[in-house]
Amino acid sequence: MQTHSRDNSASTMNSSSSAPVVETPYMKMLAKQNAKDQEKQKAKNGQNPASQAPTGPKNGNKLNGKKNFAANKKADAPAPILEEPVPLENFMALSRPHRLALLRGDVWEIVVGDKCVYKISKNLLMSVSKVAQAAYQNNPKSTGIKLPADSVTASAVQTLLKWLKEACHPFQAFLIHVSGNAYDDLNLIKASHLLGMDNYTHHVMKWYKSYIYHELPDYDTISAIVELVPEDHHLFIHLANKLCKLRYKKEIPDVEDFKQYLIEHPKLGNVMEAIDTKLAASRLKAEAEARQRAAEYRKQQKKQREQDAKTAEQVRQKLNGKNGSSGTILVVSAEEARFLKRR
């Protein structure tokens with residue numbers, strides 16, 4: 001009975017340990033790449049894995065099972081070096097195991113100026129960043145991405161990449177939060193643009209465009225856009241158009257303060273002046289076209305009245321001719337029929 005019990009337990013353990021392991025396509029790609037790296041390492045050490053059959057250690061010394069396990073584990077420990085960049089995927093649609101797998105591997109440094117502001121998994125960054133993929137293609141031995149000094153705040157880069165790491169853990173990835181602080185959010189958008197991650201901050205840009213469209217923007221938001229956004233950017237133009245519209249309709253509550261603000265911020269004032277000039281020309285053109293349409297309408301109406309008078313005279317003459325002869329059938333056109341009196 002005891003022997004039978006041990007056999008049953010052994011068979012149970014064997015059956016549970018042989019259960020299939022579900023691997024994502026990305027994990028299979030990493031395993032395949034890892035095998036290639038091991039073959040390269042063997043070839044570098046003077047071995048030809050394609051021509052040599054696996055043999056035991058030199059001098060006939062055999063390793064026991066524990067040492068073999070430790071050696072295999074040590075060989076698998078280094079993260080695989082990807083020969084090809086990871087395909088740029090929609091990170092939000094990836095499954096949780098897939099996102100967690102991206103956290104493994106080598107770590108890259110994100111440097112702003114001369115200071116490292118954040119460290120992140122290379123595989124994770126390359127799965128969402130066009131800039132990271134381009135950096136890897138240019139130099140596969142690269143250890144990170146360097147951004148120009150004063151191009152973006154360190155806190156914006158940290159916020160963006162911290163969100164990217166945290167979004168790997170829940171069952172469903174979540175969008176980065178819109179803080180409502182224009183300086184922070186616009187710097188976040190700037191960081192995503194510099195790192196080639198614009199897809200993951202589109203909703204932040206839409207939030208501010210919607211806010212400007214539906215509300216009277218406050219001076220903090222206006223100042224942040226004026227300072228951080230180029231004047232030919234669609235968000236800047238959207239703001240300038242809204243302010244021009246409010247000023248034209250006399251809906252700006254503090255007119256004098258706003259005039260002083262535009263003097264202190266000529267970047268916005270010049271764009272608004274150009275928009276006003278363009279709108280004034282458009283209004284003059286629209287007014288001229290309206291006057292022309294009105295004149296054409298009056299001309300058409302006059303022509304119609306003259307035609308009606310002529311038709312009415314023709315009907316009158318036909319009726320006079322019919323009265324002079326009995327038994328005649330009066331034939332009129334459809335246009336002339338409009339002027340016959342109902343009897």
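Values in this text are rule-based calculations from the coordinates and carry no lab data. This one's a predicted model, so the numbers in the text were calculated from it and none came from an experiment. Counting neighbours? That spans all protein chains shown, and the Cβs are built from the backbone with ideal geometry, glycine included.
Any idea which residue in region 269-285 is farthest from Ile222 (Cα to Cα), counting only those that are surrounded by 11 or more Cβ atoms within 10 Å (Cβ to Cβ) and among the aliphatic types (A, V, I, L, M)? Break it down stepwise before answering.
Looking only at region 269-285, we keep the residues that are surrounded by 11 or more Cβ atoms within 10 Å (Cβ to Cβ), and these are 269-276, 278-280, 283.
Those still in the list that are among the aliphatic types (A, V, I, L, M) too: 271-272, 274-275, 279-280.
Values: Val271: 13, Met272: 13, Ala274: 18, Ile275: 17, Leu279: 21, Ala280: 24 Å.
In this case the residue turns out to be Ala280.
Scanning region 121-144 for residues that are buried (at least 18 other Cβ atoms within 10 Å of the Cβ) and within 26 Å of Ala182 (Cα to Cα) yields Leu125, Val128, Ser129.
From the list Leu262, Leu268, exactly one residue is touching a residue at least 12 places away in the same chain (Cβ under 8 Å) and part of a helix (DSSP H, G or I). Which is it?
Numbers: Leu262 fails: touching a residue at least 12 places away in the same chain (Cβ under 8 Å).
None of the others qualify; the one that does is Leu268.
Of the residues Asn187, Asn199, Asn181, which single one is crowded, with 19+ Cβ neighbours inside 10 Å and farther than 18 Å from Leu103 by Cβ? Step through it out loud before you land on a result.
On the way: Asn199 fails: crowded, with 19+ Cβ neighbours inside 10 Å; Asn181 fails: crowded, with 19+ Cβ neighbours inside 10 Å.
From the options Asn187, Asn199, Asn181, the qualifying one is Asn187.
For region 188-208, the condition holds for at least one residue, the condition being that it is in a helix (DSSP H, G or I) and closer than 11 Å to Leu239 by Cα. Just to be sure, is Ile252 assigned to a helix (DSSP H, G or I) and surrounded by 10 or more Cβ atoms within 10 Å (Cβ to Cβ)? So Ile252 fails the test.
Any residue that is exposed (fewer than 14 other Cβ atoms within 10 Å of the Cβ), polar (S, T, N, Q) and assigned to a helix (DSSP H, G or I) - is there at least one of those in region 216-234? Looking through region 216-234, none of the residues is exposed (fewer than 14 other Cβ atoms within 10 Å of the Cβ), polar (S, T, N, Q) and assigned to a helix (DSSP H, G or I). Checking each residue in region 88-120 for being under 21 Å from the mean Cα position of the chain (by Cα), surrounded by fewer than 18 Cβ atoms within 10 Å (Cβ to Cβ) and not aliphatic (A, V, I, L, M) picks out Glu89, Asn90, Ser95.
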